[in-house]
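One structure is given here, and the rest of the page talks about it.
Please treat every number below as a calculation from the coordinates, not as lab data. Here the structure is a predicted model, which is why all the values come from computation and not from measurement. Heads up, the Cβs are rebuilt from the backbone with ideal geometry, glycines too, and the neighbour counts pull from every protein chain shown.
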Amino acid sequence: MGRGKIEIKRIENDTNRQVTYSKRRGGIMKKARELTVLCDAEVSLIMFSSTGKFHEYISPTTTTKIIIDRYQQTAGVNLWQSHYEKMQESLNKLKETNNNLRREIMQRMGEDLDELNIEELRGLEQNMDYSLKIVRDQKYHKIQTQTDTYKKKLKNSEEAHKNLLREFGGRDEDPDYGLMDHEGHYESELRVANGGSHSFAFHLQPGQPNLQEGGIYGFHDLRLA
């Protein structure tokens, strides 16, 4: 029993269409390979599925470029001419844009101004004034930001300094240790510098008078002034 005839039209079901494409693609690839081997033919086969997948077969003795060049020569057509013209047009536009940008940069640097009229010079001046304003605003913004940052750091440092003074001094106010001036006392001062000047002063106060001249000396008390 032979197979029924299939009507040649687009298969509406996506799955059936993909299955049919896969099967027939394999069949046509097989035919292309057989033509290459049996008939010593140069075959180039290029296919794109409905989903955009690319499949290709080319005879091992040639390349796709050689096949296309031979086709152009035999058919008398130039497949690259339209593409070359579009590329050339795009290149010319890019060159013109580049030249305009170079000219604008030179004019902003004060060069190549002879060809500009009064209106163009006035417009250039306004553009440069506007650009200068933007640069200045950005500069002042950065200065203000850095200033605020330094103020915060300074405030944090002052708070840390006060906390250390309270911790070591045992009171809220800043301790003010100075050198005591008592006549006849032996004095010694230890200074600690941290931003301001705070002094820890010690003095030796005799506990007993000398019992013998040049002999035995009494003990001395070490006190924190």
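Just a few scattered comments:
- Residues in the stretch 22-61 that are part of a loop (DSSP other than H, G, I, E, B) and more than 28 Å from Ile11 (Cβ to Cβ): Asp40, Ala41, Glu42, Ser59, Pro60, Thr61.
- Comparison of Glu12, Glu34, Glu42 shows that the only residue that is over 26 Å from Ile67 (Cβ atoms) and over 48 Å from the mean Cα position of the chain (by Cα) is Glu12.
- Here Thr36 meets each of (1) without any contact (Cβ under 8 Å) to a residue 12 or more places away in the chain; (2) surrounded by 14 or more Cβ atoms within 10 Å (Cβ to Cβ) with one exception, condition (1).
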